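First up is the structure itself, then whatever we jot down about it.
Since every read-out is calculated from the coordinates, none of them should be taken as a lab result. Quick caveat, the model's predicted, so the values are computed rather than measured. Every residue, glycine among them, receives a Cβ derived from its backbone with ideal geometry; neighbour counts consider all protein chains shown.
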Amino acid sequence: MKVLVINAGSSSLKYQLYNMTDESVLASGRVERIGMDSSIVTHEPTGKPEVRDVSEILDHVTAVKRVIDMLTHDEHGVISSMDEIDAVGHRIVHGGEVFKNSVLVTAEVKNEIKRLFDLAPLHNPAHMMGITAVDNNLPNVPQAVVFDTAFHQTMPASSYLYPIPKVLYRRHKIRRYGFHGTSHAYVSDVAASYLKKPLNELKMVTCHIGNGASVTAILDGKSYDTSMGMTPLEGLMMGTRSGDIDPAIVPFVMGKEELTLSEVNSMLNKHSGMMAISGVSSDMREVIDAMNEGDENAKLAFDMYVYRVRKYIGAYAAAMNGIDTLIFTAGVGENSSVLREAVCKGITFLGIELDDEKNAIRSKEAREISTAASRVKVLVVPTNEELLIARDTFELVQNASK
Ligand code: ADP
């Protein structure tokens, strides 16, 4: 069975075509600048050269059509006709409280996703455009939806409720949802296999640290708490997002600086975090480079960033009354030995002992970076959200046809 995985944004669409027989990627790519006259399709067929095509792509329906054209192209294609696409899996950011698992797309599922537009106004409408575009181009192909929030639906009320008037939860569903769930689920699963231990016997803290970043406490194989909240703004300091701040800062700044709601929202989401403190970049590599050249603001940004990761690991070790596995993943977590060392060297009291040589190794494989004597196993596990989406889609479609 071949599964096409789609991650549709408002002006972009990323895709991967999987052969589920061996879970190999046949092709991947992205469409950028949808809605403009010079949209770009970058197509990477496995084993063949990358192709880049610039043309007018005004909507998502055309974007999906262009993807199918690429996949079936005489030269750069990897399948002979679109009939070879057996199912499509979509990444959906927000599943609210309704979706605790991945599901096949039905009319009711589409309505639920639309009802959730309020909670994820930047993401869910774009995902919906992706689903509609597949409806138009591949009308008879089953589709599944996989939610970033679903994995965190196991959190107890003591983790997901905010201590604010309860009526706000009842009326507006204001609560912690958490994000990056597909990634936290994937890396915890890979780590348990790597350690040859049942997932439900481990007390894990997973650190997904990329441009966006979140930490999750995983107890009995389930999300017990996570640092992102009702939106992906809460928790760690990120590239351009503030993460946790005193909520009273919002009305205070609005008054003093005469900012509107949307201006303060934009300040906290786009003009804060590492960018704001370093004054250099939101990109961790550039911040580390500047720090190494003696830039004090970059050093402060790095120190604040690391300090907040450490605080969350400590908090979640306390929340679970212990920790035996610590996992790093995503762009920074997978690639920055400097960040991992700075985080781990400050929390040795938890029983974390980093092996400097292993930490310095670069690899695309899951690996342990703690010493043999370390009580807590520290692992680097490359994330693969697309593969998990493909697997869920494959399983749902197979079960439906039984
Ligand atoms: P996104 O959240 O957009 O998916 P990624 O998971 O791709 O982000 O992570 C992007 C981040 O990873 C950037 O800040 C980038 O600087 C960082 N990164 C990638 N490689 C390295 C590296 N070798 N050292 C430090 N940071 C790195």
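What to note about this one:
- Kirkwood hydrodynamic radius (C-alpha pairs) into Stokes-Einstein, the chain, 25 °C and 0.890 mPa s, D in µm²/s: 110
- Ignoring lysines fewer than eight residues from Lys299 along the same chain, the ones with Cα atoms less than 30 angstrom from its Cα are Lys256, Lys270, Lys311, Lys345, Lys358, Lys364, Lys377.
- Max mean-square fluctuation residue, GNM over the chain, Cα-Cα springs under 10 Å, options Ser183, Ser12, Ser55: Ser55
- Fully extending the segment from Asp22 to Ser363, taken as 0.36 nm per residue of separation minus the present Cα-Cα distance, adds 120.6 nm.
- For the stretch 207-214, 3J(HN,Hα) per residue [Karplus equation, 6.51 cos²θ - 1.76 cosθ + 1.60, θ = phi - 60°, Hz, x = Gly/Pro]: 10, 8, 10, x, 4, x, 9, 8
- In the stretch 56-199, taking the dipole from charged Cβ atoms about the Cα centre, the farthest positive-side position among Leu71, Ala107, Gly95 is held by Gly95.
- Over the chain, Cα pairs under 8 Å with separation of 6+ residues give a relative contact order of 14 percent.
- Convex hull volume of the C-alpha atoms in the stretch 163-235, normalised per residue: 92 Å³.
- Distance distribution note for the stretch 118-276: the fraction of Cα pairs above 26 angstrom is 40%.
- Electrostatic dipole magnitude of the chain [Cβ: Lys, Arg +1; Asp, Glu -1; Cα centre; debye, to 20]: 1340
- Whole-Hz couplings from phi, Karplus 6.51/-1.76/1.60, listed for the stretch 198-203; x for Gly and Pro: x, 3, 7, 10, 10, 9
- Long hydrophobic helices in the chain: the complete DSSP H runs spanning 15 Å or more by Cα along their own axis with mean Kyte-Doolittle hydropathy of at least -1.0 are 60-71, 124-137, 181-195, 296-319, 385-400.
- Fraction of antiparallel bridges per DSSP, the chain only, in percent to nearest 5: 70
- Additional length obtainable on full extension of the chain from Asn297 to Val167, 0.36 nm per residue less Cα span: 42.5 nm
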